[in-house]
Amino acid sequence: MNGIDLSNLRLLSRGEGLRVYELVDDYVNFVDAEESCGYPRGGGCSMELVKLLELLNCSRGRAYVTTSCGDSMVNAGISDSDYVVIDIDRVARPDEVVLAEIEGEYLLKYYVVDRNGEEWLMPGNERYSPIRCDERCRIRGVGIHVIHQIKPPTAKMKWALDTMDDVEVGVIRLSRERPSWANSRRAKALLDIAVEEALLDSHYQPLDDTPMWKLGGMADRIGETLELDNKWMRFGELWNRNKEALRKKWDDMKDMSRGMEFRKSVLERMR
């Protein structure tokens, strides 16, 4: 984000690559940083953020702000590039997210007290190790708000859109072309059986409550009936499902009582 005029800031303290500022003419103190929810690096802040914090009742002298990068606090709902507002007047209680200082270094972690009464700084990601909160540790404040930056859709999301039959946007319907094999009269007749059984919608897409193993069973039977090569791949693309998951779920269920009943009641009609 764009920086602001440093003449409006007063430097309060500095850690390893981290500066803590107080706004002289505006509303909040800033822990002005990029950090992996661990040891921060210097960064910038914007006047738009200052005004937003005023709306969150973060009055002058009451709050710091950190920005984070990395994934060490993702299970706390703090993602890469989020802003975290820290209330410096609030006393930390167990299991809250805190801004901690250890020998001049700042960390964003859960504050946890174990069964023996020992205090820990716990990451919000099992891949990282906890840190003992000893006499060197000072809690500087408690996290009260997370401000997410809106992120663009991922490549996987776009791929899923491209594999759908059609998509409703408000009252506008965007047509999507089905694979050619699914447009044959025989294929549509077989897929219509799944629609009648409330397993697929009218566009031949799985309903929300259709289990993966039933999709796998239909892919197996319809693929054999139509003599499709690479049937698992074809149905995985049609339904935006993992082809190996379709195969495995059906393999696990087909010889059990529910699988056998499904074969008898539905799949036999798809021959």
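Filter region 80-114 down to residues that are open to solvent by 40 Å² or more (accessible area, probe 1.4 Å) and in a strand (DSSP E or B), then give me how many there are.
First pass over region 80-114, keeping only residues open to solvent by 40 Å² or more (accessible area, probe 1.4 Å): 80-81, 88-91, 93-95, 103, 110, 113-114.
Next cut, in a strand (DSSP E or B) only: 110, 113.
Residues in region 80-114 being open to solvent by 40 Å² or more (accessible area, probe 1.4 Å) and in a strand (DSSP E or B): 2 in total.
From the list ALA160, ALA155, pick out the single residue that is open to solvent by 60 Å² or more (accessible area, probe 1.4 Å), farther than 26 Å from ARG263 by Cα and modelled with pLDDT under 85.
ALA155
Six or more apart or on different chains, Cβ atoms under 7 Å: show the pairs whose first residue is in region 74-100 and closer than 20 Å to GLN149 by Cα and whose second is at pLDDT 85 or above and in a loop (DSSP other than H, G, I, E, B).
VAL74/GLY124; VAL74/ASN125; ASN75/GLY124; ASN75/ASN125; ALA76/GLY124; ILE78/GLY124
Kindly list, by first and then second residue, each pair from a residue in region 235-252 that is on the phi > 0 side of the Ramachandran plot to a residue that is surrounded by fewer than 16 Cβ atoms within 10 Å (Cβ to Cβ) and among the small types (Gly, Ala, Ser), limited to pairs with Cβ atoms under 6 Å and residues at least 6 apart or on different chains.
Within 6 Å, the pairs are ASN240/ALA160.
Looking only at region 115-148, which residues are open to solvent by less than 80 Å² (accessible area, probe 1.4 Å) and in contact (Cβ under 8 Å) with a residue 40 or more places away in the chain?
PRO123, GLY124, ASN125, ILE139, ARG140, GLY141, VAL142, GLY143, ILE144, HIS145, VAL146, ILE147
Which residue is farthest from the chain's Cα centre (by Cα), if the candidates are limited to region 115-141 and must be at pLDDT below 90 and part of a strand (DSSP E or B)?
The extreme case among them is ARG140.
The values are calculated or read from the model by the stated rules, or taken from the named source; none is laboratory data. Computed from a predicted model, the values in this text were never measured in an experiment. Note: ideal-geometry Cβ built from the backbone for every residue, glycine included; neighbour counts use all protein chains shown. Note: accessible area is taken over every heavy atom of the protein model, side chains too, but ligands, DNA and RNA are not part of it. Shrake-Rupley method; radii C 1.70, N 1.55, O 1.52, S 1.80 Å.
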